[in-house]
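Rule-based calculations on the coordinates, nothing more; no lab input. Just so you know, these numbers come straight off a predicted model, no measurement behind them. Cβ: placed from backbone, ideal geometry, glycine included. Neighbour counts: every protein chain shown.
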Amino acid sequence: MNASQKAILHLFDEHVFGAMRTELDWALRGAAANLAALGLVAYTEFLGGIVTGDLGRQGSSGSNFRAFLPYLGSDYEDLARRGVDIYERVRCGLAHEYFIKGESTILPQASAPCGIISSMNGPTYFIVSVYRDHLFSGARKLRDEILENQNGSTTARARKAMSTVGITIPLQP
């Protein structure tokens, strides 16, 4: 394993699968489902920033968030195709107004194929446990994509994104 691969694994193991997962579990054990939901949408934006390479770039929050939706699964992309802007409704609502915009309910757990259930004019349900599982599954896909394509654009964008937060992913020796 080369130095670049080790750095990528460290990033994902320590920050994504370590700290992020631990913090979410603490929030859920503390009955803080709203806090967990806010964390999940922030983590979605962070991981999307790795996808685009634009982590921390002013004005890129929406594009970063949306860039990670394909990694969550097709149900999340289907919401967008049906006109539900989950960035604006869910992420911005939680981040700026404490509540998801419009009629909504945040559930710590439920059985559902998607962590967000919504329609253009209907209520929105955010199911924390389902979204969490999809987020970490998507993070594994992204990590593997970066590791498999060491000299490709995915790795270059990840390297650029992480440099904005002071994490160096060395070039492959």
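The table for this structure:
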| read-out | value |
| --- | --- |
| Mean residue ellipticity (222 nm) of the chain, computed from DSSP H runs ≥ 4 via -39,500 (n - 2.57), nearest 500 | -17000 deg cm²/dmol |
| Kyte-Doolittle mean at least 0.5, axial Cα span of 20 Å or more - DSSP H helices of the chain | 33-52 |
| Peptides ranked, highest mean first, by Cβ atoms within 10 Å: ranges 101-107, 133-139 | 133-139, 101-107 |
| Net charge, THR168 excluded, C-beta distance under 13 Å - Lys, Arg +1, Asp, Glu -1 | +3 |
| Linear extension gain, ALA31 paired with LYS6, 0.36 nm per residue minus alpha-carbon span | 5.4 nm |
| Residues whose placed amide H lies under 5 Å from that of ILE106, excluding near-sequence neighbours | PHE126 |
| Listed peptides 61-70, 15-24, 156-165 by packing density, highest first (mean Cβ within 10 Å) | 61-70, 156-165, 15-24 |
| Shape box of the chain [Cα atoms, principal axes, largest first, Å] | 53, 33, 28 |
| For the stretch 84-143: span of alpha carbons on each principal axis (Å, largest first) | 33, 24, 19 |
| Charge sum, other residues only, whose C-beta stays under 14 Å from GLY115's C-beta, Lys/Arg counted +1 and Asp/Glu -1 | -1 |
| Lys, Arg +1 and Asp, Glu -1 on Cβ, resulting dipole of the chain about Cα centre, debye, nearest 20 | 260 debye |
